[in-house]
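Down below is the structure, laid out as structure tokens.
The values are calculated or read from the model by the stated rules, or taken from the named source; none is laboratory data. Since the structure is predicted, the reported quantities are computational estimates derived from the model, not experimental observations. Quick reminder, even Gly has a Cβ in these numbers, built from the backbone with ideal geometry, and neighbours come from all protein chains shown. With ligands, DNA and RNA removed, areas are computed over all heavy atoms of the protein, side chains included. Shrake-Rupley method; radii C 1.70, N 1.55, O 1.52, S 1.80 Å.
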Amino acid sequence: MSRLDREADAFRASMAAAASKLTGGGGSSGTSAMSSAVKRNLAPPSPSPSVGSTTSAAVGTPSRRDRELPGANIVYSQPAVTGTGDSVISQMAYAVSWLRGKDEPQSYYDVLSYLSATGRSDSEQEFFVEQMRRHPQIQWIPDPSLSEQTWRTGTYIHRPTIPNVRTKTQLLAYLQKKTDASGVSVKDLKDGWPDCEPSITELENEHKVLVIRAKKDGAARMVWLDDVSLFHEVEPDLVRVWSKVELPSLETIAQKLIQAGQKPASEDPRLKADKMPKVEKKKKRAQRKGGKSTNTHMEHLLKDYSHMKR
């Protein structure tokens, strides 16, 4: 028997004696349990796990079963879409858009109900109502039956960029009241009259308005007032004969005018400048400007002779 075996037997005996004392000195079960624990402690230790295995076990990629679970790919750190937002600016934008589609005035409770804001405190609701009354695209209509108005009274309606223009008659009346020759933007008309384009097309065919359309899709962009009395039908034969007349080219017209001693209006001075030969200018080398001279006793050696180079 080797020395290591003798030491192991002695250690087992001491541990068994200690176990018998702890259990009251009786029972072979306590001795056997302690001896088995001692044997486990004396067994050679298992190799320590590698860094890669511990990292993968703690933080590693989810298993296939975890990936197949419903809702495993949901990122709970991202906010959910709340509809109208929580800030006053976003909710005001939704309120303006909602009122734009309403023909009748709406109460403050109707607006807050659309924004799901009726459960807020009275102070928050009052603040939002005050902001609505100050908004340039929302018109507040006070209640005529009340002598004193509160933040709960009155109704609200959308205030378009061009007010009271929702029909062809109203559009013609608005154009006739203009004191200048500027046109009306169709985009501004759509703010209070979303489906105005068919009516504009009808007025254009009746020669009551002049319309500028986009080249890409033909959508109306600007509208001016037209006079029906200035429109005259031209006979088709005259249009056909007129289109058959050939006009000389611009170069021929310019030559004829020059021969007559006149300056053609179509002559572009920029083209004349482009035809002139360009004289290449030689770039002169910039002379180096010296700073403050400190070595005054060497001025005759530090003199600049670069201007004498050819």
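If the viscosity is 1.306 mPa s and the temperature 10 °C, what translational diffusion coefficient in µm²/s does Stokes-Einstein give for the range 182-234 when Rh comes from Kirkwood over Cα pairs? Let's see the in-between values first.
Details: Rh = 11.7 Å.
Translational D for this selection: 136 µm²/s.
Its residues counted as N, the range 101-211 yields a C-alpha radius of gyration over 2.2 N^0.38 Å of 1.39. Accessible area per residue (1.4 Å probe, heavy atoms of protein chains only) ranks 307, 158 as 307, 158, with the largest value leading. The trypsin sites (Lys or Arg not before Pro) found in the range 157-227 that occupy coil by DSSP, while having at most 16 further C-beta atoms within 10 Å, are 178, 215, 216.
Measuring against 20 Å, Cα to Cα, the residue pairs 283/309; 102/178; 178/215; 177/208 contain 102/178; 178/215 as the ones spanning a longer distance.
Kirkwood's formula applied to the C-alpha pairs of the range 84-153 gives a hydrodynamic radius of 12.6 angstrom.
Excluding residue 105 itself, calculate the net charge of residues whose Cβ lies under 12 Å from the Cβ of residue 105, where each Lys or Arg counts +1 and each Asp or Glu counts -1.
Numbers: positive: 102, 159; negative: 103, 104, 110, 143.
Cβ neighbours under 12 Å give a net charge of -2.
For the range 136-218, the relative contact order works out to 24 percent when only alpha carbon pairs closer than 8 Å and six or more residues apart are counted.
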